[in-house]
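Working notes, structure below.
Taken together, the values in this text are just the output of simple stated rules run on the coordinates, not laboratory data. For clarity, every value in this text was computed on a predicted model and none was experimentally measured. Using ideal geometry, Cβ is built from the backbone for each residue, glycine included, and neighbour counts are taken over all protein chains shown.
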Ligand SMILES: Cc1cc2nc3c(=O)[nH]c(=O)nc-3n(C[C@H](O)[C@H](O)[C@H](O)COP(=O)(O)OP(=O)(O)OC[C@H]3O[C@@H](n4cnc5c(N)ncnc54)[C@H](O)[C@@H]3O)c2cc1C
């Protein structure tokens, strides 16, 4: 008899970060659950799955045997991202339709496979770190499906002031390699430890330091891609006007227009100094007004609304918090809006209306910035749905989107007999507008339906008020239906017929 296999699907194998008792009490009260009674440990049991021997025989012609897997565990892992709906299903024992095989090919094997893949009776999907939070990994297509795992695409070379990075390199791997030479790529998404170059380009991602270094489209100047029957390779150059760039074919295409093998990326001298500052504004409204008038921004400017501010303050000890509140009351900013400022290089000048309270808050945010997903682990283990939604909007609609989205959220949660809380911060600034990043937690009898209703309402309010469907998480299966007709056609015209088509 075969033994069932168990895998943990949470971040870092389910590790949690210690939280203050006050945070735990606050969340339990707001969402109506008991912190001491976890309902899930994050593991799922993987079923036995039939092997497709004919597919295996086909794949062996192109990929070495040891880099092919039809093990159920690998097939399930490679069919999963990190979206809330996936977690809800997993928590209730629902496993996604798995891919039929997983391959871990070398670059030359992918090239060979794509050159001749018309001959294989299967379609391909690609995964990097599988950190998509929008259902961008799940993909069962009605065909035999093979997942190309990019973890063997790890070459990294320097050319002039650029690097050419294998698509499977994570942010951490790139930075570890180039920081010794005094450089940085400037790309630091919160998923930095797991997400990959190929994933960043495919989802049009952005890093937390985008105000200084730019979004992924500013950092990547060329790619090598493998499509059905062809390999397209762009030289590493500062700029090139020789026709359309291959980057435009794969940027934001979510793995449907070919396999990204490597990318030419800008690098920057590592900053000699980094300046931290924690500030408070009288209100989120005042903060938005002040920031919208600025003509340049610090490397990181993260300004939280009143709810996110009060939740963040629960993590500092009561004595320090009381002292801080007394000081803020004197300065007229108590119960206001917290701002984290990190500037590479010199101290950033004072932002109008802000009150500085030193550097330690900003420093501790910076030091813990990649461990935050572990807080989501704590919530998932207690059956609480933790999700995010981010949009980009012109300055004149930022405040309206923020307040109307929050009202619509609460109304929808109430109407569906759930409990919930929502908070937001501004995370990436542009002269024209900003990214508004919502985090929401919900609890209810039918979590999948509650999530569906809340999401639908939030996205509609955002769109009606002039915001974008997404600022940096991509579309995935969660948001594809909101893409307007013209753009949907563009996607299908560019698509590679051997790649999984995820947007029905
Ligand atoms: C905790 C957490 C924090 C996050 N923080 C951020 C953030 O700060 N900024 C941000 O932008 N996003 C963030 N995300 C979302 C996610 O990390 C990004 O969307 C990221 O770009 C996905 O990269 P990945 O390597 O994990 O790709 P995957 O999730 O594996 O795949 C995502 C999509 O890219 C395609 N793809 C992957 N590799 C290739 C390739 N080589 N060729 C063609 N297609 C490919 C896949 O088919 C899929 O459609 C976060 C996610 C989590 C879970």
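Between residue 143 and residue 410, what FRET efficiency follows from the Cβ-Cβ distance if R0 is 56 Å, with the result rounded to 0.05?
On the way: r = 43 Å, r/R0 = 0.76.
Efficiency, rounded to the nearest 0.05: 0.85.
Using the beta-carbon distance between residue 108 and residue 346 and R0 = 45 Å, what value does 1/(1 + (r/R0)^6) give for FRET efficiency, to the nearest 0.05? Please list the in-between numbers first.
Details: r = 47 Å, r/R0 = 1.04.
Plugging the Cβ-Cβ distance into 1/(1 + (r/R0)^6) gives 0.45.
Where Rh denotes the Kirkwood radius from the mean inverse Cα pair distance, what is Rg over Rh for segment 5-149?
In segment 5-149, Rg relative to Rh is 1.09.
Report, as a whole number in µm² per second, the diffusion coefficient that Stokes-Einstein gives for segment 356-426 at 4 °C and 1.567 mPa s using the Kirkwood radius over alpha carbon pairs.
Working: Rh = 15.0 Å.
In µm²/s, the coefficient rounds to 86.
Determine, for each peptide in 185-191, 479-485, the mean count of other beta carbons within 10 angstrom over its residues, then list the peptides with the highest first.
185-191, 479-485
Calculate for the chain the 222 nm mean residue ellipticity that helices alone would give, adding -39,500 (n - 2.57) per DSSP H run of length 4 or more and normalising by residue count, nearest 500 deg cm²/dmol.
Theoretical 222 nm ellipticity from helices: -9500 deg cm²/dmol.
Which value in Å is the Kirkwood Rh of segment 92-184 over different Cα pairs?
Computed over Cα pairs of segment 92-184, the Kirkwood hydrodynamic radius comes out at 15.4 Å.
Starting at 0 and stepping by 20 Å, how many percent of the alpha carbon pairs of the chain end up in each bin?
22, 56, 21, 1
Considering the Cα trace of segment 223-374, what is its radius of gyration and what is Dmax, both in angstroms?
21.7, 69
Quick one: length gained pulling residue 481 to residue 159 fully straight, 0.36 nm per residue minus the C-alpha distance?
111.8 nm
Per residue, how much space in cubic angstrom lies within the convex hull of the C-alpha atoms of segment 156-270?
So the per-residue hull volume is 94 Å³.
Of the peptides 261-270, 333-342, 241-250, how do they stack up when ordered by the mean number of other Cβ atoms within 10 Å, highest first?
Highest to lowest by the protection proxy: 333-342, 261-270, 241-250.
Between residue 25 and residue 445, how many nm apart are label points set 7 Å from Cα along the C-beta direction?
3.1 nm
Can you pull the one-decimal nm distance between simple spin-label points at residue 57 and residue 317, each 7 Å off the Cα toward Cβ?
A separation of 7.0 nm, rounded to one decimal place.
With equal scatterers on the alpha carbons only and no solvent term, can you work out the Debye log10 of I(q)/I(0) for segment 79-235 at 0.08, 0.18, 0.20 1/Å?
Rounded to two decimals, the profile gives -0.26, -1.17, -1.34.
How far, in nm, would the chain grow between residue 369 and residue 230 when pulled straight, counting 0.36 nm per residue and subtracting the alpha carbon separation?
Answer, rounded to one decimal: 46.0 nm.
I need the calculated FRET efficiency for the pair residue 360 and residue 97, taking r as the beta carbon distance and R₀ as 56 Å, to the nearest 0.05.
0.70
Once all Cα-Cα distances of segment 425-504 are split into 10 Å bins that start at 0, what whole-number percent is in each one?
Taking every Cα pair in segment 425-504, the percentages come to 14, 39, 32, 15, 1.
Restricted to Cα positions, what overall size does segment 404-456 have along the principal axes? Three whole-Å values, descending.
Per principal axis, max minus min of the Cα coordinates gives 43, 16, 16 Å.
For residue 273, project a label point 7 Å along Cα to C-beta. Then give me every residue of segment 359-384 with its amide nitrogen under 19 Å of that point.
The answer is 359-364.
Going highest first, how would you order 494-501, 76-83 by mean Cβ packing within 10 Å?
Going from most to least packed, we get 76-83, 494-501.
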